[in-house]
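One structure is given below, encoded as structure tokens.
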Amino acid sequence: MRATATAHRDFTIANIDNRLYGAFLEHLGRAVYSGIYEPDHPTADTNGMRRDVIDLVRALDIPVVRYPGGNFVSAYNWEDGIGPKAARPTRLDLAWHTSESNEVGIHEFADWCDSVGTKMMLAVNLGSRGLDAARNFVEYVNHPGGTYWSDLRKKNGRADPWNVKLWALGNEMDGPWQVGHKSAAEYGHLANETAKAVRAFDKSLELVVCGSSHADMVTYPDWEATVLDETYENIDYISLHMYFRNEEKNTANFLALSEKLDRYIGTVAGTINYVKAKKRSKKDVYISFDEWNVWYHSNNADRKVLGGDDGWPLAPPLLEDIYNFEDVLMVGCALNTFIRRSDVVKIAAIAQLVNVIAPIMTEKGGKAWKQTIYYPFYFASRYGRGTALNLAVKSPGYDCAHGDNVSYVDVSAVHNDADGTVAVFAVNRHASETIAFDLSLFGFATPRVLEHKVMTHPNLEAVNTAQRPDEVAPRDGSGAQVDGNSVTLALPPHSYQMIRLKV
Ligand code: AHR
């Protein structure tokens, strides 16, 4: 089997916003407690943060981390997480049927962001609370001083404002499961008024309104049309979420979920344009795809806690999906989709970062390791910065539940003008055929292979564990042939690869 892709330096999709490689961290399960924060851990720093986890996160070079939720934020009082730790209240977390000690709040999270070299994206509670709590939080975080909230921040140990630019106006407000769920019109009105209030404080804030929780919501895509109609002139991004599942164990269908992702993005991009036209507006609104990942492996294990059978535990193991090799391929396809849609998707966040549906796992008191999906995210984040190239791809395809003629080869390419490289990310969705893949590059100097990494495994269900952390890991690729302006690679069945070319 053969496939080809043709690229031209000037035939581009968009300059990728680095925040396409963002992540999400929620007060949920062991994401925070025994994930990033464990004061008794042998590697803990003076803030109680695990250094082993900091190192693994740092390597991913994540530009922004969304916090503190998620469903959690919709019943969260941000004030519970400030001031002396001993005086902070323990609260019931209604979203996940657990208890929240509030040992970690905005100060601790901000310091951790500095340690891992990332920026904060903060969500405000528009579920159980509203405009007032939101504007106070923004003032606490961003005002230099001389007011009640900014001086309280100073008293709590942080003299300078954090100047957080990116704010999420609630979370998944379309979901009946959300504390304080609202209709699109109700939420749109509240989000617009909140946007106006925080913009009165600082016009330059970047604001994200809630879009749909997934593309099968009954309110999708009317929700987007109504919310954007209410908020268009006062916000900058609409948030989308999507999780990929393979309970039926049908790999061909599973790997084609990126087609559904692509249609979802296309539909919401169209809805943005519809509202823009309706309002005769010059302003652009973009997509913040701030929750995405594979999520289904842990569903059975989670039923007891989510059903309330275990009472209200503190930081129980929840949503601890153990990712397999098949998930590497799906995550690779999702990242390729975001790169190919980087003209409208400016921000994205893998959900989540540590322990909870995450690329990084930890043992309490023990090891931290890379899950299988760490690697495609690592390669995209490190090398997928620059300009997305508009590839003309010819590949054989297959028909399945999520589309017809789904390409066996899923590929994206990014030109980094600053270091004169092109990075190519390719997944072969075929179960049994190696595909000879030819990439022709026009408008560049003769390519030279700088780095070539391949991920294959004879068992789609292979996983990494604390004992065998490298069961699924990339190895050096070989056999890439350069002939003039064309590069030929063999893509083994069910494989992921990344090749970086000096151009
Ligand atoms: O990431 C887990 C949960 O998924 C988030 O809390 C919520 O926003 C979504 O439903």
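Listed values, structure above:
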{"quantity": "Test for Gly311: is it out of contact with any Phe, Trp or Tyr (no Cβ under 9 Å at 6 or more places or on another chain) and either more than 22 Å from Gly175 (Cβ to Cβ) or within 16 Å of the ligand (Cβ to nearest atom) (or both)", "calculated": "yes"}
{"quantity": "The range 262-301, residues that are polar (S, T, N, Q), within 16 Å of the ligand (Cβ to nearest atom) and crowded, with 16+ Cβ neighbours inside 10 Å", "calculated": "Ser288, Asn293, Ser298"}
{"quantity": "Subset of the range 327-347 (residues that are of a type outside the set (Lys, Arg) and farther than 18 Å from Met498 by Cβ)", "calculated": "Asp343, Val344, Val345, Ile347"}
{"quantity": "Considering residues of the range 17-62 that are among the small types (Gly, Ala, Ser) and surrounded by fewer than 24 Cβ atoms within 10 Å (Cβ to Cβ) only, the residue nearest to the ligand (Cβ to nearest atom)", "calculated": "Ser34"}
{"quantity": "Subset of the range 154-174 [without any contact (Cβ under 8 Å) to a residue 24 or more places away in the chain and either buried (at least 18 other Cβ atoms within 10 Å of the Cβ) or aliphatic (A, V, I, L, M) (or both)]", "calculated": "Ala159"}
{"quantity": "Residue count for the range 63-90, restricted to those that are more than 16 Å from the ligand (Cβ to nearest atom) and part of a loop (DSSP other than H, G, I, E, B)", "calculated": "8"}
{"quantity": "Candidate set: the range 175-222, residues that are within 16 Å of the ligand (Cβ to nearest atom) and among the aromatic types (Phe, Trp, Tyr); chosen: the one surrounded by the fewest Cβ atoms within 10 Å (Cβ to Cβ)", "calculated": "Trp177"}
{"quantity": "The lone exception for Arg468 - which of (1) surrounded by fewer than 17 Cβ atoms within 10 Å (Cβ to Cβ); (2) more than 17 Å from Gln371 (Cα to Cα) it fails", "calculated": "(2)"}
{"quantity": "Ala349 farther than 30 Å from Lys283 by Cα, within 16 Å of the ligand (Cβ to nearest atom), outside the structural domain of Ala423 (by TED's automatic domain parsing) and not in a helix (DSSP H, G or I)", "calculated": "no"}
{"quantity": "Yes/no for Ser150 being surrounded by fewer than 20 Cβ atoms within 10 Å (Cβ to Cβ), modelled with pLDDT of 95 or more and under 26 Å from the mean Cα position of the chain (by Cα)", "calculated": "no"}
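The values are calculated or read from the model by the stated rules, or taken from the named source; none is laboratory data. As the structure is a prediction and not an experimental result, all values here were calculated from the model. Positions of Cβ are generated from backbone atoms using ideal geometry, with glycine treated the same way; all protein chains shown enter the neighbour counts.
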